[in-house]
Amino acid sequence: MSLSPANAPLWHSFEARESLDERAFYAAKSLPKFYRDTLAFEPVLLKSNLFRPASGARTRYDVFTELKSYNNTRIEYRGEELRQDDLRVLLTLLKLRSGDVVSNAIEFTPRTFCRDVLGWADSSDSVAKLKACILRLQDARARVHFKGGMLAMSFVSDAVLRSNDAWTVWLSDLLLPVFERNLTYLKASERLAMKDGLESWLYGFIKADSCTLEFDLSTMREAAGSTYEQKDFNKHVKKVLEGFEADGIVASFEVSKGKLKVRKS
């Protein structure tokens, strides 16, 4: 059907409005645009043991179980325990959706992804580790009780993990409210160069706080879900921070009488 000159403007006006509505629809489902060397996540979650800095056997929570956070925000979790390696995978997947619809498909070759994005060895063991992380993130459910409401969230909605081909992963739309709150920005080159554990957890913790007040190391130990005795935890924190100071991540720090003072660079 052809349009006459009389009704062409109306048609173009409808197309323009439809295009604006479509852009607004997808913008509402999109993550903010990150700079090239930037990762981002929710500060309360970075200061909790939702992504615990630990190794060994993982606990399985079959019902929603309360986890610790430094500022006493109530966090409930169901699923296999998440660790810092799971957070590494999640942060990099979010980075790939930067400025775009969060739930659009992410396709990648697993060994290349392990080597070039995650900074892991190019090996079948790394691929198996990546697969386990994706499956944990797909199974996981968290409830974060903020003042005035609750954020109920999942991480990976679906995944196709082929044996000898590219993998496809879809992040959950439920991650969007995380990015509607205040965000903590991490330097990707720093975070991904770190070993997943207390070092990476402490990096996120410090980045998520203004560091204007001193920290209670006992409360930090609980927030990390650490199994170290308190004196050993303090020693490990001091050792990590010595490395941070040498690398310019923090300007200075002091550990004294169960308290930690940090001055950011």
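The values are calculated or read from the model by the stated rules, or taken from the named source; none is laboratory data. All figures in this text were calculated on a predicted structure; none of them were measured in a lab. Because the Cβ atoms are built from the backbone with ideal geometry, glycine has one as well, and the counts that use them run over all protein chains shown. Protein only, heavy atoms only, side chains kept; ligands, DNA and RNA dropped before computing areas. Shrake-Rupley method; radii C 1.70, N 1.55, O 1.52, S 1.80 Å.
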- Of all residues in segment 213-227, count the ones that are of a type outside the set (A, V, I, L, M, F, W, C), open to solvent by 40 Å² or more (accessible area, probe 1.4 Å), part of a loop (DSSP other than H, G, I, E, B) and at pLDDT 95 or above. 1
- Just wondering, is there one or more residues in segment 168-178 that are open to solvent by 60 Å² or more (accessible area, probe 1.4 Å), over 19 Å from the mean Cα position of the chain (by Cα) and free of Cβ contacts under 8 Å to residues at least 24 places away in the same chain? no
- Task: Would you check if there is a residue in segment 43-52 being under 16 Å from residue 146 (Cβ atoms), surrounded by 21 or more Cβ atoms within 10 Å (Cβ to Cβ) and over 15 Å from the mean Cα position of the chain (by Cα)?
- Result: no
- Task: Scan segment 179-209 for residues that are open to solvent by 40 Å² or more (accessible area, probe 1.4 Å), without any contact (Cβ under 8 Å) to a residue 12 or more places away in the chain and in a loop (DSSP other than H, G, I, E, B) and jot them down.
- Result: 195
- Note on the structure: Log entry, pairs with first residue in segment 48-75 being more than 12 Å from residue 205 (Cβ to Cβ) and without any contact (Cβ under 8 Å) to a residue 12 or more places away in the chain, second being in a strand (DSSP E or B) and open to solvent by 60 Å² or more (accessible area, probe 1.4 Å), beta carbons closer than 8 Å, six or more apart or on different chains, reads 66/74
- Task: Please work out which one of (1) open to solvent by less than 20 Å² (accessible area, probe 1.4 Å); (2) within 26 Å of residue 35 (Cβ to Cβ); (3) not aromatic (Phe, Trp, Tyr) is the condition residue 154 fails and give its number.
- Result: (2)
- Which members of segment 113-148 meet the condition of being over 23 Å from residue 188 (Cβ atoms) and more than 19 Å from the chain's Cα centre (by Cα)? 124, 125, 128, 147, 148
